[in-house]
Amino acid sequence: MAAASRRRTPTQAAGSPTESLTSSTTTICTVSSGVVKFVGAGTCTLTPSATATTDYGAVTGSMQSFAVKKAVLTVTANNASRAYGLANPTFTAAYNGYVNGDSFATAVTGSPSLTTAAVVTSLPGSYPIFASQGTLASAKYTFSFVSGTLIVAFTGSVPASSSACNGAYSGTFQGNLSVAGTQNCVFVGGGATGNITETGGNVVLGSATVGGNLIVSGGTFSIGPTTTIKGNFTVQSIPTGAAQNQICGTSVGGSLVLQSVGTAAVIGSGSTSCPGNTISGSLVLQANKAAIGLTGNTVDGSLTDQSNTASTTLSGNTVNGSLTDQGNAGASVVTLNLVKGNLIDQSNSASSVLSLNTVGANLTDQGNTAPTQVTSNKVTGILLCQSNSSITGSGNTASKKQGQCANF
């Protein structure tokens, strides 16, 4: 008779295994008393096991791995303010999102980049303080950045003295103003009933009105948009400089003259931030030594571009009189303009390009010693080209074509 096998009933003890969990990535996660704690970001790998019992041998389970992501620390640039004309304050930031009792000192190294737009040097107003990574680093956190706000404030309603303008103002000054040396003269929504004369420093006019003339013979300037100059606007004898001056969206009651200017200037750019200007008189560019660009302007009188030693670009302008481009030693480009009078290109010693213009009277191109190009212009009157050293062109229409342009 075979012997019966021995079985324990469910109520009989067979010994209880000791179960455990261990980490093989202790820089990412640790295990203590069966509790998993995350100490870093990366891949956490855990292995379960159980000790032997009377009936069973020891068991080691399969390793399990999963990603441990960094917590998010929000970095917010603190708001700041300053008066116009002063340097920006030191920008600071606030931090939100620390976990497990961490602090900046224990969990983060480096510092964020906190900057604001360069335009804050131009006008009072509200500007963002941008927050970005900079040299911030952390083993536990990733970063989210939020911008703050910089308020650049006016310093007064009108200039404090009877003639000198040095500050940012929102009111209207009665009389004439002068700007010199390192002074900053800024009007937004105000202005002066008389003349403003600048021999140095910086003049900024935004949504302002000048009752007389604006005369600039030194320093830098930014005029407009939505500014009115009831008299003439003259820029002259400015030495060579790296800064770029601009005239945008301004109405000039008289003439606009840029003469002997050594600093680059933009007179309208065809953009929403710098729209074209309206000139009730004539516009003259003469003997300038830095690049000048005119785009999208309306000139009720004539437009003259002459004797410049740097490049000039005249594009997209409406000229109710005549347009003359002559005697330039810097390259000139005249394109996409509506000229209701004559268009004349003559006696230039640097290259000139006339293209895609609409001319209400005659177009004359003559006596140029550098290459000249006449292309795709629409001329109501006569297209005449003569005595040019080198000239090319095509696609023009005119009531009559003469000289070197006969086949253009």
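The values are calculated or read from the model by the stated rules, or taken from the named source; none is laboratory data. What you see is a predicted model, and the numbers here were worked out from it, not measured in a lab. Virtual Cβ from ideal backbone geometry, glycine too; neighbours counted across all protein chains shown.
What number of residues within the stretch 58-95 satisfy the criterion of being within 30 Å of residue 168 (Cβ to Cβ) and not in a strand (DSSP E or B)? Quick ask: steps written out before the conclusion?
Keep residues of the stretch 58-95 that are within 30 Å of residue 168 (Cβ to Cβ), which gives 76-94.
Of the ones still in play, those that are also not in a strand (DSSP E or B) are 78-79, 84-92.
Number satisfying all stated conditions: 11.
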Problem set entry | Members of the stretch 22-47 that are farther than 12 Å from residue 68 by Cβ, modelled with pLDDT of 90 or more and touching a strand residue (DSSP E or B) at 6+ places or on another chain (Cβ under 8 Å) | 22, 24, 31, 47
Exercise. If you check every pair at least six apart or on different chains, which have Cβ atoms under 6 Å apart with a residue in the stretch 234-254 that is assigned by TED's automatic domain parsing to the domain that holds residue 272 first and a residue that is aromatic (Phe, Trp, Tyr) and buried (at least 19 other Cβ atoms within 10 Å of the Cβ) second?
Worked result: 245/221; 252/233
For this session: Using the structure shown, decide if residue 274 is at pLDDT below 95, touching a Cys at 6+ places or on another chain (Cβ under 7 Å) and hydrophobic (A, V, I, L, M, F, W, C).
Result: yes
Exercise. Considering 318, 364, 324, which residue is in contact with a Ser or Thr (Cβ under 7 Å, 6 or more places away or on another chain), crowded, with 18+ Cβ neighbours inside 10 Å, modelled with pLDDT of 95 or more and of a type in the set (Val, Ile, Thr)?
Worked result: 324
Exercise. Does residue 377 satisfy the condition of being closer than 20 Å to residue 303 by Cα and surrounded by 19 or more Cβ atoms within 10 Å (Cβ to Cβ)?
Worked result: yes
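Look at the stretch 96-127 and say how many of its residues are in a strand (DSSP E or B), at pLDDT 90 or above and over 25 Å from residue 44 (Cα atoms).
Pass one, the stretch 96-127, residues in a strand (DSSP E or B): 96, 109, 113-116, 125-127.
Next, only the ones that are at pLDDT 90 or above stay: 96, 109, 113-115.
With the extra rule that they be over 25 Å from residue 44 (Cα atoms), the set shrinks to 96, 113-115.
The number of residues fulfilling the criteria is 4.
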Exercise. Hey, does the stretch 342-350 have a residue that's at positive phi and at pLDDT 95 or above?
Worked result: yes
